[in-house]
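To start, the structure under review is shown below, and the notes come after it.
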Amino acid sequence: MTMNQTLCVAIRPFVAADSAQVQTLVSDARVAQVAGNVPYPYPENGAQTWIAAYAAQHRSGAAIIRAIVCLESGQCVGAISIDQITRGLNSSGNLGYWVGVPYWNKGFCEQAGKLMLALAVQEYAMKRLVAAHRLDNLASGRVLHKLGFNELRSQQMTDLSGRNLFRCYQKLL
């Protein structure tokens, strides 16, 4: 793909038929390492359970989750979500995303992020999003920067020994 080509990406609700592809993609240890919240080894039938759980969270208004889909192939290549949603005048949420290793560094997260930001504003009237990435996942930091997030230097997430593990960001919408 050249820089002049437009990546054709869509986001849509997950369907049960996505579970096999999701299971394959998140069973790769590298995805779990950079995502920060994907267990490894990924449990058998974990994708089915995860998709069903997020569907329930979506129905309750606690989360928005979408499959990231490559329009050229029609394949689900990852996921993007907003969870920890608060309501009211200052509605906010936490943006998260991952894509499978074959789709890394191809622009899928940035393009899906733009679509999700538009959805957050237009359909959910969100005013603020936060996001974080592991310190060793520099590609995710670049995505957040391209999406207009600003690093919150005073907001570092640490482990029990006090080591910084994540960089935190926010974007006012």
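GLN75's amide H: which non-local residues (gap 5+, or another chain) put their own amide H closer than 5 Å, with H modeled 1.01 Å from N in plane and none for Pro or chain starts?
For GLN75, the qualifying residues are CYS70.
Given H placed 1.01 Å from N in the peptide plane, which residues other than close sequence neighbours of VAL9 have an amide H under 5 Å from its amide H?
Under 5 Å from the amide H of VAL9: LEU71.
Restricting things to alpha carbons, tell me how big region 9-131 is in terms of Rg and Dmax, in Å.
Rg, Dmax (Cα atoms, Å): 13.9, 41.
How much mean residue ellipticity at 222 nm does the chain get from its helices, if each DSSP H run of length 4 or more adds -39500 (n - 2.57) and you divide by all residues, to the nearest 500 deg cm²/dmol?
-9500 deg cm²/dmol
Could you rank the peptides 13-20, 92-99 by their average count of other C-beta atoms within 10 Å per residue, with the highest value first?
Most protected by this proxy first, the peptides run 92-99, 13-20.
Take each of the peptides 142-149, 68-75, average the number of other beta-carbon atoms within 10 Å over its residues, and list them starting from the highest.
Output ranking for 142-149, 68-75: 142-149, 68-75.
Please work out how much length the chain gains when fully extended from LEU165 to ASP28, using 0.36 nm per residue of separation minus the C-alpha to C-alpha distance, in nm with one decimal.
47.2 nm
Work out, step by step, the length gained on full extension between ALA56 and LEU152: first 0.36 nm times the residue separation, then minus their alpha carbon distance; give nm to one decimal.
Here the answer is 31.4 nm.
Readers should treat all values here as calculations from the given coordinates under stated rules, not as data from a laboratory. Everything numeric here is computed off the predicted structure, so don't read it as measured data. In this analysis, Cβ positions are derived from the backbone assuming ideal geometry, glycine residues included, and neighbour counts consider all displayed protein chains.
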